[in-house]
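Chemist: Here it is, the structure in full.
The values are calculated or read from the model by the stated rules, or taken from the named source; none is laboratory data. Please read all numbers here as calculations on a predicted model, not as lab measurements. With ideal geometry, Cβ positions are generated from the backbone for all residues, glycine too; neighbour counts draw on all protein chains shown. For accessibility, only protein heavy atoms count, side chains too; no ligands or nucleic acids. Shrake-Rupley method; radii C 1.70, N 1.55, O 1.52, S 1.80 Å.
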Amino acid sequence: MVNFDFSEEQKLFRKAVREWCEKELPLERIREMDSQGEIPKEIIKGLSDLGLLLMTIPEEHGGAGTDWTTACIAAEELGYADISIALPVLFLVENSWGFVVDKYCTEQIREKVIRKAVKGEAFVGIASTESGGGSDVAAIKTTGRKEGDYWIINGEKTYISGTEEVKKLGGGYFLLARTSPPPPGASHRGITAFYLPINAGGVELGKRLEEMGRMAISTGSIIMENVKIPDSYRLGEEGKGFYLTMEGFDNARLLIGATCLGAAQRALEIGMEYIKERKAFGNPIGKYEGIQFDLADLWAELEALRSLVYRTAWMNDEKYKNKRFTPHEVAKYISAVKLKVPPFAFKTFEHVLLWLGAWGYSKECPLEMGLRGIMSYYIGAEGTVNIQRIVIARELLGKDYIPYK
Ligand SMILES: Cc1cc2nc3c(=O)[nH]c(=O)nc-3n(C[C@H](O)[C@H](O)[C@H](O)COP(=O)(O)OP(=O)(O)OC[C@H]3O[C@@H](n4cnc5c(N)ncnc54)[C@H](O)[C@@H]3O)c2cc1C
């Protein structure tokens, strides 16, 4: 039998997150955050009090030990509240990359960063992308050289989320560096993952990048010059960092899908309120089929994608809890989520903005924040649409059909 219902606990959880968001994150507050370029500390603390920071890590490590379906509920609610997407970015980066750091780190690192991040007193992010490109993770130029019990890291990462947040809160990044030349035909090997504490000697944060959206969370660069970190900061096996990265990406992409559902739902609701009231040619514009049909199409697509997101979240949970699906099987669905939901959310904001006429184009209307924010997920944060197509085709055709190795 197929059961499409959430558990009572999950329903109560959704209600609690919704109520907190209604109180703390009305759209006027989101506008303020968007203009000021900052997520207030008390909001991060609020996320922690609700148990939303690194919520899927085990309770023994300070987390809430929830499943990914519950994390998706939180992401959906945060996307519904903060359509600018800034707070959802903080939520998703910390949940997905904090999860991987926690899974592979020593107790010492857990004490230093994970337990603090759960309380909103540290930030954990991902530092993979470099100026030469982000899609081809195996082509990174940052190097790690082993010297006794230490690693010497050199390189530069860019378009990295949270560089101002990490300055304020402390913490660090899941970092990728090439530690040995790749064997022929396996460029993804020879890359090692590390935890990079932001206060390590030789780490410098570049200046904040000016972006088009999600203004309340920062993006910047990290320059590493002869950064010396102990071997105990290595995450997972030497040369196998690529696999850990894919695990982080998968969880992040799933949460992005859920966030985009919430944001699209909010845009539709704002739009519906407007078209019932706004009159043209003697009628509310919601009476005209030109508008109604667009609404019906968007709603139908939203519901189809909501089913995909939660079915995929369930598969991800089954993968972790019962090993019922392989990581590859789940990755195919997760890439379908990342391929389809952000562009759909973007389209929803675009269409609803058109319903709103001139008001939609003004900053009095909240929707333009959504259009700018969602674009970050659409354009490539945590992987572009073409990269999702590559993952799906690899799973459909088999790895012999990957065009490069
Ligand atoms: C707002 C934002 C926040 C980000 N935060 C982080 C972060 O915290 N940490 C981090 O490490 N990175 C971060 N990134 C970087 C992100 O991961 C990269 O933008 C993404 O991986 C794409 O890399 P790129 O921008 O260099 O594009 P490229 O890799 O240069 O790709 C350019 C275009 O070519 C296409 N393309 C590439 N290869 C192929 C192919 N084989 N077939 C067909 N098309 C192809 C891509 O789809 C894309 O359209 C962030 C990006 C954004 C926009």
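Chemist: Highest GNM mean-square fluctuation, the chain, Cα pairs closer than 10 Å: which of Phe349, Phe281, Phe293?
Modeler: Phe281
Chemist: By how many degrees, between 0 and 90 and to the nearest 10, does the Cα long axis of helix 289-322 differ from the longest principal axis of the chain?
Modeler: 30 degrees
Chemist: Per residue, how large is the accessible surface of the chain? Use a 1.4 angstrom probe and give square angstrom.
Modeler: Accessible area per residue: 45 Å².
Chemist: Another question, if that's okay. Mean-square fluctuation check for the chain, GNM, Cα pairs under 10 Å: which of Leu53, Leu205, Leu78 is largest?
Modeler: Checking each option, the largest mean-square fluctuation is seen for Leu205.
Chemist: How large is the helix-only mean residue ellipticity at 222 nm for the chain, computed as the sum of -39500 (n - 2.57) over DSSP H runs with n ≥ 4, divided by its residue count, in deg cm²/dmol to the nearest 500?
Modeler: Rounded to the nearest 500, it is -17000 deg cm²/dmol.
Chemist: For region 242-401, what is Rg from Cα atoms divided by 2.2 N^0.38 Å, rounded to two decimals?
Modeler: Ratio of Rg to 2.2 N^0.38 Å for region 242-401: 1.20.
Chemist: Sticking with this structure for a sec: Could you tell me what a quarter of the Cα convex hull surface of region 124-240 works out to, in nm² with one decimal place?
Modeler: Working: hull surface 29.3 nm².
For region 124-240, the mean projected area of the Cα convex hull comes to 7.3 nm².
Chemist: Oh, and also: Can you check what the Kirkwood hydrodynamic radius comes to for region 8-123, Cα pairs only, in Å to one decimal?
Modeler: 14.3 Å
Chemist: Below 8 Å between Cα atoms, with a sequence gap of 6+, how large is the relative contact order for the chain in percent?
Modeler: 17 percent
Chemist: Can you compute log10 of I(q)/I(0) for the chain with the Debye formula, treating each Cα as one identical point scatterer, at q = 0.08, 0.11, 0.13 Å⁻¹?
Modeler: Log10 I(q)/I(0), no solvent term: -0.42, -0.79, -1.09.
Chemist: Rounded to a whole number, what % of the accessible area of region 155-263 do carbon and sulfur atoms account for, probe 1.4 Å? Walk me through the numbers before you get to the answer.
Modeler: Working: 1970 of 3870 Å².
Looking at region 155-263 in its full context, I get 51 percent from C and S.
Chemist: Pairing the Cα long axis of helix 367-379 with the longest principal axis of the chain, what angle in degrees results, from 0 to 90 and rounded to the nearest 10?
Modeler: Around 40 degrees separate the two axes.
Chemist: How large is log10 I(q)/I(0) at q = 0.17, 0.21 Å⁻¹ when the Debye formula is applied to the Cα atoms of region 196-303, each weighted equally and without solvent?
Modeler: Treating every Cα as an identical point scatterer, log10 I(q)/I(0) equals -1.02, -1.20.
Chemist: Next question, about the same structure. Could you tell me the center-to-center distance, by alpha carbons, between region 297-313 and region 1-43 in angstrom?
Modeler: Centre-to-centre distance over Cα atoms comes out at 20 Å.
Chemist: Classify region 317-405: rounded, prolate or oblate, from the alpha-carbon gyration tensor (a ≥ b ≥ c, eigenvalue square roots; a/c under 1.5 rounded; otherwise prolate if a/b is larger than b/c)?
Modeler: Prolate, since a/c reaches 1.5 and a/b exceeds b/c.
Chemist: Something else about it: Going out from 0 in 10 Å bins, what whole percent of all Cα-Cα distances in region 99-168 drops into each bin?
Modeler: In whole percents, the pair-distance histogram is 17, 36, 41, 6.
Chemist: Amide H of Gly170 versus every other amide H placed in the peptide plane: which residues, excluding those fewer than 5 positions away on the same chain, fall under 5 Å?
Modeler: Placed amide hydrogens put Phe123 under 5 Å from Gly170.
Chemist: Within region 152-220, list the trypsin sites (Lys or Arg not before Pro) lying in a DSSP loop whose Cβ has at most 14 other Cβ atoms in a 10 Å radius. Write down the numbers at each step before the final one.
Modeler: Details: sites: Lys157, Lys167, Lys168, Arg178, Arg189, Lys207, Arg208, Arg214; in loops: Arg189, Lys207, Arg208, Arg214.
Answer in residue order: Lys207, Arg208.
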